[in-house]
Amino acid sequence: MRTLIRGGKALTGDPALGALEEADILVEDGRIAALGSDLSADAEVTRADGSLIVPGFVDTHRHVWQTAMRGICADWTLLDYFRGIRLTASAVYSPEDVYAGNYAGALEALDAGVTCVLDFSHCLISPDHADEAVRGLREAGLRGVFGYGMFPVPVAEPPFDTVEKRLEDARRVRITHFATDDGPLRMAVALTELGLVPFETTVAEVGLARELDVLVTAHTGSVHAERRPPEVDLLERAGLLDSRQVHVHCNACTERELDLLAGAGASVSVTPETELQMGMGYPVTAKLLERGMTPSLGCDIVSNNRGDLFSQMRIGLACERARANQPVLDRLGMPDGLTLTAAQILHFATLGGAKALGLDSEIGSIEVGKAADLVFLSSGGMSFAPAAEPVAQVVLQCGVGDVDSVMVAGEFVKRDGRMTGDAAERAHRVAGESRARIEAALGGWDALLPDPPEGWFDDVVDAMAENLAGAPAANEE
Ligand SMILES: [Zn+2]
């Protein structure tokens, strides 16, 4: 199957190519076979006149299963989220709900031009939950990495009543769903937060990822507390840090922990909106850049904010500039330049994300040999009247409403402003049914956040300290 896309303008994301005024893109068997102007080929021609074509966006941190709880956390802190969603709502999720969340959530990503997502799937109560999570992503046609969540969801009679049973199920999922590593969906192991389980369990979880030869992803340094365990230090001392890891947030990490991550070649996913809104602190964007690391971006939870990367690019850019400018303003001066550019943040949302996932030879830019994951921004919208310089246009002017068509591996999943087939209708139906089911199972949304017992967070920190007592002693510096 050969398709020749003609008449669009492309922002390739390849530093050597930059923007192409007249981009002909030849797609063959899902890959970009040729790129240039006035290409001739024996192929079906698709006109893209008036489109600005950009690489599919890559989201390196999202809990796609939460889609049916859209907006529930609008005014919640991170600790409210931990109590309400992680400890309460997740416990009433059926396999059907995980499917609905992943199917509708994957379509939401695609609709916004996010063609690849690292799905941190930490609502895997049973083998059926895991199977349905994978099915949801697959049926939607999303590229990505399925992060098998090791977190023990607190249910009355857990099907995985030992750590070993959970590890065994992850092995089953690797064999059943990810027998080879050449498909659009790959596997990862999504760790339980350090300290929520005994340290020996963390050792087993990282060991499992190494055994399965897959990426590790982990929530790291998102909680600020006087007795916060130095998570990265602990991992390093136990020999558990390596380059195939995506650590998420890291706002509370010490300089030394960030040095360790950089030294190990690990990467960090920044989720500007949830970090700012829910009380995690400023994103560590600049601290990563200082260490030669490339940040990547994630939407985190649509139970809080919508699942597009235009928002994350804009918020990420604005808050980093605000953070960097504030000391100058405090001295009653005016900044004489800005620290982060629009081109840099666009890179984080595309090739930077691909690099974090180890997929930069496959996706992240429009280059010959890479997968044809393409986003067609229509220039018909008012934000294009007139069109800005392409990078400024994409980062600071465009939104989901400008995404006219989206292609994954050469196949349109969205065309002329609509998801193909009956995908959108199905997503609305299953997500709506799931939301009603979850609400009924909870006995109403108010059940999510009863007044917390006095001192509950101190108790959590105490339990974490106890769980980590078996970890190698951290450096006292
Ligand atoms: Zn998260």
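Side notes on the structure shown:
- Screening 311, 269 for residues that are open to solvent by less than 40 Å² (accessible area, probe 1.4 Å) and either within 15 Å of the ligand (Cβ to nearest atom) or not assigned by TED's automatic domain parsing to the domain that holds residue 164 (or both) leaves exactly one candidate, 269.
Residue by residue, here is whether (1) assigned to a helix (DSSP H, G or I); (2) open to solvent by 30 Å² or more (accessible area, probe 1.4 Å) holds:
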position: 364; (1), (2): no, no
position: 377; (1), (2): no, no
position: 383; (1), (2): yes, yes
position: 393; (1), (2): yes, no
position: 396; (1), (2): yes, yes
position: 404; (1), (2): no, yes
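- The listed residues are 80, 29, 38, 49, and the only one of them that is more than 22 Å from the chain's Cα centre (by Cα) and farther than 23 Å from residue 404 by Cα turns out to be 38.
- Residue check, residue 216 buried (at least 23 other Cβ atoms within 10 Å of the Cβ), of a type in the set (Val, Ile, Thr), over 27 Å from residue 175 (Cβ atoms) and touching a Leu at 6+ places or on another chain (Cβ under 7 Å): no
- Any chance residue 77 is more than 23 Å from residue 110 (Cα to Cα), surrounded by fewer than 22 Cβ atoms within 10 Å (Cβ to Cβ), within 16 Å of the ligand (Cβ to nearest atom) and among the polar types (S, T, N, Q): yes
- Residues that are assigned to a loop (DSSP other than H, G, I, E, B), open to solvent by 40 Å² or more (accessible area, probe 1.4 Å) and touching a helix residue (DSSP H, G or I) at 6+ places or on another chain (Cβ under 9 Å), drawn from the range 139-157: 152, 154, 156
- Of all residues in the range 323-335, none are touching a residue at least 12 places away in the same chain (Cβ under 8 Å), under 22 Å from residue 398 (Cβ atoms) and away from the ligand (no atom under 16 Å from the Cβ).
- The residue pairs whose first member lies in the range 285-308 and is under 24 Å from residue 63 (Cα atoms), whose second member is assigned to a strand (DSSP E or B) and among the acidic types (Asp, Glu), and whose beta carbons are closer than 7 Å, counting only pairs six or more residues apart or on different chains, are 297/59; 298/59; 299/59.
- Within the range 103-133, tally of residues that are more than 23 Å from residue 309 (Cβ to Cβ) and assigned to a helix (DSSP H, G or I): 6
- Residues that are open to solvent by 10 Å² or more (accessible area, probe 1.4 Å), in a loop (DSSP other than H, G, I, E, B) and either more than 26 Å from residue 104 (Cα to Cα) or not basic (Lys, Arg) (or both), drawn from the range 31-72: 37, 38, 39, 40, 41, 42, 43, 49, 50, 71, 72
- Test set (1) open to solvent by less than 40 Å² (accessible area, probe 1.4 Å); (2) part of a strand (DSSP E or B); (3) of a type in the set (Lys, Arg) - residue 6 fails condition number: (1)
- All conditions but one from (1) open to solvent by less than 20 Å² (accessible area, probe 1.4 Å); (2) outside any helix (DSSP H, G or I); (3) under 17 Å from residue 440 (Cβ atoms) apply to residue 100; the one that does not is (2).
- Positions within the range 190-213 being within 16 Å of the ligand (Cβ to nearest atom) and open to solvent by 20 Å² or more (accessible area, probe 1.4 Å), in sequence order: 193, 196
- Residues satisfying the stated conditions in the range 323-343, i.e. among the polar types (S, T, N, Q) and open to solvent by less than 60 Å² (accessible area, probe 1.4 Å): 325
- Unmet criterion (only one of (1) surrounded by fewer than 16 Cβ atoms within 10 Å (Cβ to Cβ); (2) among the acidic types (Asp, Glu); (3) touching a helix residue (DSSP H, G or I) at 6+ places or on another chain (Cβ under 7 Å)) for residue 320: (1)
- Residue satisfying all of: in the range 273-292; more than 16 Å from the ligand (Cβ to nearest atom) and surrounded by fewer than 21 Cβ atoms within 10 Å (Cβ to Cβ); modelled with the lowest pLDDT among these: 282
- Any hit, the range 453-461, residues being among the aliphatic types (A, V, I, L, M) and at pLDDT below 95: yes
The values are calculated or read from the model by the stated rules, or taken from the named source; none is laboratory data. Predicted model, so just to flag it, every value in this text is computed and none were measured. Every residue, glycine as well, gets a Cβ built from its backbone with ideal geometry; the counts of neighbours run over all protein chains shown. These accessible areas exclude ligands, DNA and RNA; they are computed on the full protein's heavy atoms, side chains included. Shrake-Rupley method; radii C 1.70, N 1.55, O 1.52, S 1.80 Å.
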